[in-house]
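Scroll down for the structure; my scribbles are underneath it.
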Amino acid sequence: MRWFRVPSVMKSYPKVIDRILDAVRESRSLCVVGHIRPDGDCVGSQLGLTLALLGEGKKVVCWNEDRLPEKYNFLDPDRLFQQPKRGVKFDCVIATDAASFDRLGKVGPCVARRNLLINIDHHESNTRYGDINWVSPREPSSGELIFRILSAAKWPISKLIANCLFTAVSTDTGSFQYPTTRPGTYHVAGELVRRGADLAKICDEVYQSYPLSRMRLLRHIYSHFRLTHQDQIAYFWLKKADFARTGAESSDSEGLIDHIRAIAPVVVACVFEEIDPNLTRISLRSKSDRINVSDIAAQFGGGGHPAAAGARIPGPPLSVQRRVIAAIKKSLNSTH
C-alpha cells in the first residue's frame, strides 16, 4: 500500500482579509462607521468590530449619524455607539454594512481626515468606495463578514461580541428565514452560541420587547395599507404626522414592512416614508426570486439586495408613489 502526504491546509478565507488585518495592525487610531438609520446588522457589526479592536488595544470610536435604536441598547452597555464629531484625524476608518459612502450620512465629512478607508459590506449594489474593499454579496449579513475577520485574526470573541454578531446575522436573515441564508450562516450562528451568545436575551430584546408606540404604528398600517395589481403589490405610507400621533420614532418602523409582505398573494411590498415634504424614503421587499427589488431601487438611485432594497427619492409624494408602483408593475409583468 502506498501512502501519500496530505497537503497542508490552505487558508480558507479571502486574501483581502489579510490586507484588512495588516492595515488594522499598522493603525493606532480607528473609527468604525455604519449607515444611516442603522438596523440590527449595522449595529451588531459596528459594535462587534469596535469591541474586538478595543480588545486588541486600539484607540477606537464607533460613529453613526443616528442614535442607537432603543431595542439594541443591551448590546452597548458602555455607550460606545456615538454620533460623529468634526476635526478628528484617524489612521484608519472602517465602514461596515454601508453600500455607498453617501449612506454614511453626516459621518462622511467627519472622517475626511483619514489615512485609509476600509469598506466591508455584503450589498450587491456596493460602490467599492474604500481604499480596501471586501464586498461579498454571497453572505446574507455583514455580521458574518466581521465574524470571519475576527476568526482569521484569532482575536478573542467575548460574550458581548458574540451577542452583537449573532444579532447582526439573525436580523438580516429574518431569523434565518430568508432564502439568502446559507449553510455557512448556521455554522457561524452555532460558533457564536458556543462563544456565549445569549439567545434568550437577544430574542427578548430584539423580537419580543416592542414599545407601545410601535404597536400604535402597526395599527395604523393595518388600517391604511393598500393592495394593487391583482393584490401582488402591497404598500403603505408613513408620514411625519403618523410618528407624531403614535409617539413612535423612525427606528420603530424597522420590520413593519414584513407584516404586509406576509400577505399570501403579495409578491412585492413597499413602504413610502416621508423624510421631508419633497423627499421620500422607500423600502422594498420581494418574495419571488424572479423579482429583484435592488434593480427597481437602482432606477431611483438606490440599491440593496435582490429581496430587500431601498432608495431616497426627491419629488412630490404622489408622483414618487406613481413612479415606484409603475416600476414594480413593470417588473412583475416582465416575469409572465
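Which is open to solvent by 50 Å² or more (accessible area, probe 1.4 Å), within 30 Å of Lys154 (Cα to Cα), without any contact (Cβ under 8 Å) to a residue 24 or more places away in the chain and not hydrophobic (A, V, I, L, M, F, W, C), of Gln208, Gln177?
Details: Gln208 fails: within 30 Å of Lys154 (Cα to Cα).
Answer to the selection: Gln177.
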For segment 159-174, check the following and say yes or no: at least one residue is touching a strand residue (DSSP E or B) at 6+ places or on another chain (Cβ under 9 Å), among the acidic types (Asp, Glu) and touching a residue at least 24 places away in the same chain (Cβ under 8 Å). yes
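For segment 14-32, does any single residue satisfy the condition of being in contact with an Asp or Glu (Cβ under 6 Å, 6 or more places away or on another chain) and among the β-branched types (Val, Ile, Thr)? It would help to see each step written out before you state the result.
Kept after step one, since they are in contact with an Asp or Glu (Cβ under 6 Å, 6 or more places away or on another chain), are these residues of segment 14-32: 27-29.
Still in the running and among the β-branched types (Val, Ile, Thr): none.
Checked segment 14-32: no residue is in contact with an Asp or Glu (Cβ under 6 Å, 6 or more places away or on another chain) and among the β-branched types (Val, Ile, Thr).
Which one of these is touching a Ser or Thr at 6+ places or on another chain (Cβ under 9 Å), more than 19 Å from Phe166 (Cβ to Cβ) and open to solvent by 10 Å² or more (accessible area, probe 1.4 Å): Leu116, Leu80?
Working: Leu80 fails: more than 19 Å from Phe166 (Cβ to Cβ).
The unique qualifying residue is Leu116.
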Identify all residues within segment 140-162 that are of a type outside the set (Gly, Ala, Ser), over 19 Å from Pro77 (Cα atoms) and either out of contact with any helix residue (DSSP H, G or I) (no Cβ under 9 Å at 6 or more places or on another chain) or assigned to a helix (DSSP H, G or I) (or both); write none if there are none. Glu144, Leu145, Ile146, Phe147, Arg148, Ile149, Leu150, Lys154
Of the residues Ala200, Ala168, Ala162, Ala189, only one is open to solvent by 70 Å² or more (accessible area, probe 1.4 Å) and out of contact with any Pro (no Cβ under 6 Å at 6 or more places or on another chain); which? Ala200
Unique match (being closer than 24 Å to Ile296 by Cα and touching a residue at least 60 places away in the same chain (Cβ under 8 Å)) among Pro137, Pro156: Pro137
Among (1) without any contact (Cβ under 8 Å) to a residue 40 or more places away in the chain; (2) open to solvent by less than 70 Å² (accessible area, probe 1.4 Å); (3) part of a helix (DSSP H, G or I), there is one condition Arg323 misses while meeting the rest; what is its number? (2)
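The values are calculated or read from the model by the stated rules, or taken from the named source; none is laboratory data. The structure displayed is predicted, hence computed values, not measured ones. All Cβ positions, glycine included, derive from the backbone under ideal geometry; neighbour counts span all protein chains shown. Note: areas computed on protein heavy atoms with side chains; ligands, DNA, RNA excluded. Shrake-Rupley method; radii C 1.70, N 1.55, O 1.52, S 1.80 Å.
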